[in-house]
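Structure, as structure tokens:
The values are calculated or read from the model by the stated rules, or taken from the named source; none is laboratory data. Predicted model only: the values in this text are computed from it and were never measured. All Cβ positions, even for glycine, are placed from backbone atoms using ideal geometry, and neighbour counts span all protein chains on display.
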């Protein structure tokens, strides 16, 4: 796949309030939270041994060389230039060999998951141990937004936006490894009218952070959720947002992008979600969603383990 150099213009549309997002954020680092326990009890070791055995019996796959742009300098946090232009970090020629379908050669060492409160219940209800098949680094927060300033969540502070969370991740851990996976589960607190541009900004920051594999969860369309009180709008059109995701995925601009069809996978699972809004997971849903996410990672790496009715994310 190849992608074209992109520009998104309009300073009024892309202006970001950094003061609240960074200054009001209570820094908390749970880099491994719960997943460390999984390693301690041998899960991660068993997974690594299974991957090694698979590599022994399967012909080696060629690795793709990727030229990753350096991380932004500290303090260089505004994705919008003074004239309102957002430019992709590399040209199409420089990235024409980037990414592709996940394979055995790309078995993730780490999966970094960034979410809003919709699935933050995985952390709140103690279901982090159900995230398996890799070392999961959780960034699950209430009231998180993609780019524009997050709202104040149930834990009393404004979390970093997904955009700034990726910058912080690089500051703490360095650029992502080539086999790392980034899972984005943010967007329920965002308005659909700005989603297309916010998507571009987050994907570009993911590239600058070194991620060569990005899995974005589709949004549950059957819900009654209302946006937080600091929003000018009351509701968002998640069906429209899913259409944007599928258009961007099909465009070829983002070869590193795959979609995890969370909307389809959770359809009809009423016990998994709060009856009040249809998006926030219950304790039962937290475990089920964590196990589903883990299966998506496993089957994407090892389709031979998948059930017959499983559809690879890149084919959706």
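For residue 204, only one of the following conditions fails: (1) in contact with a helix residue (DSSP H, G or I) (Cβ under 6 Å, 6 or more places away or on another chain); (2) part of a helix (DSSP H, G or I). What is its number? Result: residue 204 passes all but (1).
Residues satisfying the criterion are absent from region 152-173 (criterion: buried (at least 22 other Cβ atoms within 10 Å of the Cβ), within 20 Å of residue 274 (Cβ to Cβ) and out of contact with any strand residue (DSSP E or B) (no Cβ under 9 Å at 6 or more places or on another chain)).
Of all residues in region 175-196, those satisfying the criterion of being surrounded by 18 or more Cβ atoms within 10 Å (Cβ to Cβ) and touching a strand residue (DSSP E or B) at 6+ places or on another chain (Cβ under 8 Å) are 176, 180, 181, 182, 183, 184, 185, 186. Within region 210-232, residues that are at negative phi reach partners that are loosely packed, with under 14 Cβ neighbours inside 10 Å and assigned to a loop (DSSP other than H, G, I, E, B) with beta carbons closer than 8 Å, at six or more positions or on different chains, in the pairs 222/267; 224/276; 225/235; 226/234; 226/235; 227/233; 227/234; 227/235. Could you list all residues from region 175-216 that are over 13 Å from the mean Cα position of the chain (by Cα) and closer than 25 Å to residue 298 by Cα? Within region 175-216, 175, 176, 177, 178, 179, 210 qualify.
Residues in region 204-230 that are touching a strand residue (DSSP E or B) at 6+ places or on another chain (Cβ under 7 Å) and either at pLDDT below 95 or under 15 Å from residue 180 (Cα atoms) (or both): 206, 211, 213, 214, 215, 216. Within region 269-286, the set of residues being surrounded by 15 or more Cβ atoms within 10 Å (Cβ to Cβ) and either touching a strand residue (DSSP E or B) at 6+ places or on another chain (Cβ under 9 Å) or over 18 Å from residue 131 (Cα atoms) (or both) comprises 269, 272, 273, 274, 278, 279, 280, 281, 282, 285.
There is at least one residue in region 236-253 that is more than 22 Å from residue 141 (Cα to Cα) and assigned to a loop (DSSP other than H, G, I, E, B).
Residue 95 passes every criterion in (1) modelled with pLDDT under 90; (2) in contact with a strand residue (DSSP E or B) (Cβ under 8 Å, 6 or more places away or on another chain) apart from (2). The condition of being in contact with a helix residue (DSSP H, G or I) (Cβ under 9 Å, 6 or more places away or on another chain) and surrounded by fewer than 24 Cβ atoms within 10 Å (Cβ to Cβ) holds for only one of 144, 148, 139, that being 148. Which of the residues that make up region 254-285 are in a strand (DSSP E or B) and under 30 Å from residue 179 (Cβ atoms)? Correct list: 257, 258, 259, 260, 281.
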